[in-house]
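K.L.:
Structure incoming, see below.
The numbers here are math on the coordinates, done by the rules we state, and not lab data. If you're wondering where the values come from, they're calculated on a predicted model, not measured in any experiment. So basically every Cβ, Gly included, is an ideal-geometry build from the backbone, and we count neighbours across all protein chains shown.
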Amino acid sequence: MDLSESFWDNRYKSKDIGWDLGDISPPLKAYFDQLKNKQLKILIPGGGHSHEAEYLHIKGFKNVYVVDLSKTALTNIKTRVPDFPSSHLIKEDFFDLNMSFDLIIEQTFFCAINPKLRPAYAAKAYELLSHKGKVVGLLFDAPLNTDHPPFGGCKAEYMDYFKPYFNVLLMEQATNSIESRKEKELFFKIEKKALDTTIF
């Protein structure tokens with residue numbers, strides 16, 4: 001199963017990007033519209049064309065970062081949104097990032113990585129978040145594929161990954177998904193736990 005940098009970059013070059021809605025996802029738009037603190041440092045991993053980053057940028061959020069393996073995807077964001085800071089478009093593997101954020105937005109990245117990496121995703125998100133930082137976004141609530149992305153799952157499976165590191169504030173079926181994803185998405189909000197690091 002090839003999910004390498006070249007695999008993803010070729011998908012963007014050939015415009016074989018069926019997951020790209022061409023616009024911000026309605027559940028995330030509704031969430032962003034109620035955010036008040038525009039100083040939040042926000043990461044969108046595997047952001048691709050990242051219409052979410054564009055929306056936040058236009059709304060005045062100045063600390064939005066997109067990380068992706070595809071140079072083409074990141075270049076396309078800069079072309080579409082010329083005043084988006086180039087230094088906030090990071091060509092790197094999410095799992096290699098060494099930064100700190102208040103909020104991580106999940107939109108079709110979790111379903112694109114090898115499912116074996118899901119426990120590592122939860123651990124890395126915990127590592128990247130500041131005190132009481134959150135991961136907010138969408139997860140597929142359907143089996144989907146086993147040999148290529150998107151990879152699906154269910155609430156019970158996701159809870160197993162996140163509960164060691166996060167307090168699950170919300171994980172329920174999205175009520176405002178686009179038509180093709182209706183009843184197939186969970187909207188979730190999880191908050192970083194203060195893990196006990198006492199050494200006995």
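K.L.:
For region 99-175, take N as its residue count and report Rg(C-alpha) divided by 2.2 N^0.38 Å.
P.N.:
Details: Rg = 12.2 Å, N = 77, 2.2 N^0.38 = 11.5 Å.
So the Cα radius of gyration is 1.07 times the expected 2.2 N^0.38 Å.
K.L.:
Still on this structure: Antiparallel as a % of all DSSP beta bridges within region 57-200, to the nearest 5? Show your work: numbers first, answer last.
P.N.:
Values: 16 of 26 bridges.
So the antiparallel bridges in region 57-200 amount to around 60 percent.
K.L.:
Order these peptides, 142-148, 108-114, by their mean beta-carbon neighbour count within 10 angstrom, highest first.
P.N.:
On the way: 142-148: 10.9, 108-114: 19.0.
Per-residue mean Cβ counts within 10 Å order the peptides as 108-114, 142-148.
K.L.:
Same structure again: With both bridge residues required to lie in region 130-193, what share of the DSSP beta bridges run antiparallel, to the nearest 5%?
P.N.:
95 percent
K.L.:
Related question: May I ask for the net charge around Thr75, where only other residues with Cβ less than 11 Å from the Cβ of Thr75 are counted and Lys, Arg are +1 while Asp, Glu are -1?
P.N.:
Numbers: positive: Lys13, Lys71, Lys78, Arg80, Lys91; negative: Asp9, Asp68.
Summing Lys and Arg as +1 and Asp and Glu as -1 gives +3.
K.L.:
Given Cα pairs under 8 Å that are at least 6 residues apart, what percent is the relative contact order of region 1-140? Working shown, then result.
P.N.:
Values: 192 pairs, mean separation 34.3, N = 140.
Relative contact order, region 1-140: 24 percent.
K.L.:
Taking the chain as a Gaussian network, where each spring joins two C-alpha atoms under 10 Å apart, which residue of Lys78, Lys13, Lys155 fluctuates the most?
P.N.:
Lys13
K.L.:
What lysines does Lys13 reach when the alpha-carbon gap must be under 19 Å and sequence neighbours fewer than 8 apart in one chain are set aside?
P.N.:
Lys71, Lys78, Lys91
K.L.:
For region 58-148, restrict the atom set to alpha-carbon positions and state the Rg and Dmax in Å.
P.N.:
When restricted to the Cα atoms of region 58-148, Rg and Dmax are 14.2, 40 Å.
K.L.:
Rounded if a/c is under 1.5, else prolate if a/b beats b/c, else oblate: with a ≥ b ≥ c from the C-alpha gyration tensor eigenvalues square-rooted, which is region 46-102? Please list the in-between numbers first.
P.N.:
On the way: a/c = 1.97, a/b = 1.20, b/c = 1.65.
Judged from the Cα gyration tensor, region 46-102 comes out oblate (a/c at least 1.5, b/c at or above a/b).
K.L.:
Would you list the P(r) distribution for the chain, with all Cα-Cα distances sorted into 5 Å bins from 0 and each bin expressed as a whole %?
P.N.:
Bin by bin from 0 Å, the calculated values are 1, 7, 16, 21, 22, 18, 10, 3, 1, 0, 0, 0.
K.L.:
OK, next. With 18 Å as the limit, write out which pairs from Lys29/Lys124; Lys38/Lys134; Lys41/Lys132 have Cα-Cα distances beyond it, or answer none. Can you show the working numbers first?
P.N.:
Numbers: Lys29/Lys124 25 Å; Lys38/Lys134 15 Å; Lys41/Lys132 13 Å.
As for pairs spanning more than 18 Å Cα to Cα, those are Lys29/Lys124.
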